[in-house]
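The values are calculated or read from the model by the stated rules, or taken from the named source; none is laboratory data. The structure displayed is predicted, hence computed values, not measured ones. Methodologically, a virtual Cβ is constructed for each residue, glycine included, from the backbone with ideal geometry; neighbour enumeration extends over all protein chains shown. These area figures cover heavy atoms from the full protein model, side chains too; ligands, DNA and RNA do not enter into them. Shrake-Rupley method; radii C 1.70, N 1.55, O 1.52, S 1.80 Å.
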Amino acid sequence: MNKDNQDPKAPSNDNPVKEASGSKQPDNLKTLEDKIKDFQKTTDGKKGRNADDSESNNISDGMRAGAELIVPILVAGFIGYHIDTWLGTKPLFLIIFLLLGMGSGFFNVYKITQGIDNRGKSDKD
Amino acid sequence: MSDPLHQFEIQPMLFSLDIGGVDLSFTNSALWMFIAAILSTVTLTAGMRRKALVPGRLQALSEMLYEFVANMIRENIGSKGRGYFPLIFTTFVIVLLGNLLGMLPYSFTYTSHIIVTMALALFIFALVIVIGIVKNGTKFFSLFAPPGVPFVLLLLVIPLEIISFLARPITLAVRLFANMMAGHLILKVFAGFSVAMIGIEGIGIFGYVAGAFPMLVNSILIAFEILIALLHAYVFAVLSCIYLKDTVDLHH
C-alpha cells in the first residue's frame, strides 16, 4: 500500500524535469526505476502464484493433490493405531486420528486450491 | 510372459559383499546412481568449461538448468532462499536423472524404490526441522498456528497442521516412488500383452497384427512416462523449496 502511494509522486516529480531539460535521460531513468521495482517484486516472492500461474504449476498442483489427500489419513491412522496398542484403548484413538487425518487431507487440498499453501503465504503479509 | 516386477529387483553387480551381516554389495541401483552422479558432474563441468558469450549446446543446457532451478527458488522461497541453491539443484538433478535414465532400455530406475525417495525426503524433512529450530528457536512451532485464525478454530487447525506436517516426508517420498514404479509397471505389462498375443497358437500371422496394438499404446505411454519423469523431478524440487521456505520466514 505504501508503494502505491509513492508511485504517483515519483512521475510527477520527474515530469517537470523532463519538460524543462527535454533530454531523454529522466525518461529512461524512470523506466529503469519501474523495471527495478518490478524485479524487486519478483525477487521478494511478492508476485506469488496468482500473478503468473504457469501451466507447469497447475499440473504439478494437480499431481500433488492426490498424495496430499491420502497420505495424512494413512499417517494419522498409523499414529492412532499405535497409541491404541500402547494405551490399550482399542478403537478410540484410531477413530479420532482417522477423522483428524481426513480433516487434514481435505485441508491440504483446500489450501492447494485456494493458493494459501506456503507458496502464497507472502501474499497475505 | 516375463514378470513385470522383475525390473525392480535389486541385484549385486559383479560380486556380493557382506560386512558384519550388512549387505554392502555394489548393486544395479548403486550403479545407476553412480552413473547419474558422474553424468551430471561431467556434463555440467564440460558445459561450463568454455564460458562462451554465445553458448554451445552443453553450455546452454547447463545454463538453462541453472536458471530453471534459480527461478524456482526465487518464486517459491524468495531472495532469502539463495543459500539453498546447491541443495535444491543437487536434489533436482539426481531425481531428474534417476527418472530419465530409467527410461533407457536395460537400465534401472533407482527412484522407483521407496527406500531411495524416502531417504531424500527424510533428509529434507530433518533439515527443515533442524534449520528451523536453530534459526527461529521455539518460534518455529508457531508454524502450526496460521495467523488470523480465531482461537476456537486453532484447537482444530493445530492438530490438522501437525498431522499434515508429519505426513510431509511420506507424501514427498510416496508420490515420486509410486509414480515411477506404476509407470514402469504399466510399460512392462503392455509389452507383455504384445508378447502374449504373438504367442497364441493357431492364429498365425494374426497374432503379430494384434500384438502391434499394445505396442502402439506403449509408444504413447513412453512419451507420457517421460513427461511424468520430468514433472515429478520438478514437483519434488518445488515441494522441497516450499518446505524449506518455513525455515527462512515464518508467517508473521
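Once backbone amide H atoms are built at 1.01 Å from N, B:Thr27 has B:Met13 as its partners under 5 Å, excluding neighbours fewer than 5 places away on the same chain.
For the segment A:104-110, counting C-beta atoms of other chains within 10 Å of every residue's C-beta and taking the mean gives 4.
Relative contact order, whole percent, for segment B:1-61 stands at 20, derived from Cα pairs under 8 Å and 6 or more residues apart. Measuring r between the beta carbons of B:Val195 and B:Phe224 and using R0 = 25 Å, the FRET efficiency lands at 0.75. Protein-only accessible surface at a 1.4 angstrom probe places the residues B:Thr117, B:Thr41 in the order B:Thr41, B:Thr117, largest first. Modelling each spin label as a point 7 Å along the Cα-to-Cβ direction, I'd like the B:Leu61/B:Ala210 distance in nm, to one decimal. Going from the B:Leu61 label point to the B:Ala210 one covers 4.3 nm.
Given an 8 Å cut-off on Cα distances and at least 6 residues of separation, report the relative contact order of chain B as a percent.
Relative contact order, chain B: 25 percent.
Karplus-based coupling profile of segment A:67-77, in residue order and whole Hz: 5, 5, 7, 7, 4, x, 5, 5, 4, 5, x, with θ = phi - 60° in 6.51 cos²θ - 1.76 cosθ + 1.60 and x standing for Gly or Pro.
If I take R0 = 22 Å and measure r between the Cβ atoms of A:Leu87 and B:Leu156 in this structure, what FRET efficiency does the formula 1/(1 + (r/R0)^6) give, to the nearest 0.05? Result of the calculation: an efficiency of 0.45. To test your reading of the geometry: what angle, between 0 and 90 degrees and rounded to tens, separates the Cα axis of helix B:57-76 from the longest principal axis of chain B? It is inclined by approximately 40 degrees. Remark: accessible surface ordering of B:Met64, A:Met63, B:Met180 (largest first) is B:Met64, A:Met63, B:Met180, probe radius 1.4 Å.
Per residue of peptide B:171-178, the mean number of Cβ atoms on other chains within 10 Å of the residue Cβ is 4.
For the peptide A:66-77, the mean number of other protein chain Cβ atoms found within 10 angstrom of a residue's Cβ is 6.
With every protein chain in place and a 1.4 angstrom probe, the accessible-area ranking of A:Lys111, B:Lys80, largest first, reads B:Lys80, A:Lys111. For the residues B:Leu58, B:Leu24, B:Leu227, a GNM of chain B with alpha-carbon springs under 10 Å puts the largest fluctuation on B:Leu24. Relative to the longest principal axis of the Cα atoms of chain B, the long axis of helix B:206-248 lies at roughly 10 degrees.
How much area per residue is accessible in chain B when the probe is 1.4 Å and only protein heavy atoms are counted (Å²)?
Averaged over the residues of chain B, the accessible area is 54 Å².
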